[in-house]
Each structure stands twice: as structure tokens, then as C-alpha cells.
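Reviewing the structure listed below.
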């Protein structure tokens, strides 16, 4: 059985959407069990008939809010649902962790309560992007705004391990997100990283952000600042395009008739762009799978994040990263 610790109080729609997502996940995966951490009087009534053999309730009196200082919250709210769930992983009572709460608190809590893998310089957040030819992993997307060249080289290595184990991509293609495809493009950091990545199996060179979704690479490497800018831009653009299409298709009688004819194709397009299909951002480099679900996760999105966590644990992604690091040092 795969045991997943859940922060039930994190996220814009917690705890209701989180509990509903947990229900969906258990229905879809008979091998999954959950450790649900949160304010008991708020979460238990949402699932009165929860299967006792698959759901464990843990009462946590406090909550880390999104606007709080992550450092202060981690230090002073050790009884919060976000931290207690991590302690369940640390104690061996759960195999993976999922939260839609504060990104800073999840990252900081994971470092202090679960710990980084030996040899990892900086853990990195990695969301899956809906590229043209299949999923692509963006790493880092915000955990490390200031980076050294060797950090990005490790990001590439960890991203490859995830792609192989979770996404089922053998020999992933690695690209460096840059302002141009030419080798000499970029600032000092990116020029040095490019030279170092030449020794990485599968490295195909630079890829411009406009090509991030074209399917040229399976692992897109960036520092956390640039990666976050790319991710937020892609999210905003997708929302903008869908909004414009909706307004246009509903603007008149002819447009509405056309929309009915195009509905199957449009639904397929929407599914490919829907973040709820891809789970959350995995924090690679820590000793156990940690999934940061989207803050606005609905039940479907949170269920996908739970599935993602189960797959990471089942395929032992931390172990794969450990092995890759050992081979690099050998």
C-alpha cells in the first residue's frame, strides 16, 4: 500500500476541495492510503464515511496561511497541518507528501523536516508542461532565484531521473532555456551552464521560451527566477487564449453554431492545456516525494497530485536521484 500524507488545510479551496480530491484518488487507486492532517472539526465532517482501513485522521490545531512568512511559520507553527504531515513522512508513517499550501512553507518545511538527498546542492521545483509531443518538465520554477552553474547541472540530472521514472521517457532530451538558440547566447551564468551541460547525456543545446511547448526537449532547465517567469507567462497566456476564444465563439448566433460544431475539438484542446491533468510541481532533491499542488486546485487537480505522489514513491524517484549522484561522483 502506498501511504500519502496530506495537508488538508492548504490551498484556496481547502479543506473541501482537498477532501473531495482525496475521495477521487482513493476511488482510482486501490493501493493508496491517506494520512489526512488538519483541523479535525473542519475536515472529518466532510468525509464521515471515510474507509477506516485506508484513511487515518490526524488533528492539527493550527494552519499556515499563504500570506505568512514561511520561515516564521515553520518555526512557530510546528503543530500546523503542513508541518505535521511532513513529520509523518519523516517518521516513516507515510511514503510521500502533498500540499496545496504556501509554496515557501512547503519548500522550507521539506528541507528542515524531511531533508535533502546527500549530495544535492539545491532542491528544485519541477512542474510538468503540456508540450506538443507530450509532457515536458520545467526545472526550476521558483525554488532557487539565485543559482550557481552547478545547480542547473544537477537540475538537469534530477529532471532526467523524474522523466524516466514517472513520465516513462527513456533517455530524456535536455535543453537549457535561454534567450537564443546559439551557444554564445545568454548571461555569464547561462554561458557557463551551457558548457557544463555538454557532458550531460541527451543535452541538445539552448531552447528559447517561445519553443518551450513545441516538444523539442523533455527537460527544460532554468534558474528559479527565469523558470518562474516562463511558467507564469505560459499560465497567463493559456488563460487569456481560452477566455478570448470563449468570448469570440459566444459573440453571435453564427459563432455559437460554429462553437457547437467545434465543441469536441475545443474540449480536447482545453484538456491538453488544463493544469488539473498534470498534478503539481514535484520538489526534486529531498529524501521523499513532495508534491506542491496548485494553490487553486479543485478536487480533480488535487487527485492528480496524489496520483503523482504515489507514482513518485512507487518508482522511488529519490532513490534514482541518489544513484545518479553517486554515478556522477564515481
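The values are calculated or read from the model by the stated rules, or taken from the named source; none is laboratory data. Owing to the predicted nature of the structure, the values given are computational and were not obtained by experimental measurement. Quick reminder, even Gly has a Cβ in these numbers, built from the backbone with ideal geometry, and neighbours come from all protein chains shown.
Before moving on, here are some points about what is shown:
- Complete set of residues in region 109-137 that are within 19 Å of residue 171 (Cβ to Cβ) and crowded, with 24+ Cβ neighbours inside 10 Å: 126, 136, 137
- Looking only at region 77-89, and only at residues there that are modelled with pLDDT of 95 or more and out of contact with any strand residue (DSSP E or B) (no Cβ under 7 Å at 6 or more places or on another chain), the one that is farthest from residue 16 (Cα to Cα): 87
- Sole residue being part of a strand (DSSP E or B), more than 30 Å from residue 68 (Cα to Cα), outside the structural domain of residue 304 (by TED's automatic domain parsing) and in contact (Cβ under 8 Å) with a residue 40 or more places away in the chain, chosen from 130, 172, 201: 130
- Long-range neighbours under 8 Å by Cβ, at least six apart or interchain, first residue in the same structural domain as residue 178 (by TED's automatic domain parsing) and more than 23 Å from residue 260 (Cβ to Cβ) within region 225-246, second at pLDDT 85 or above and in a helix (DSSP H, G or I): 230/209; 233/209
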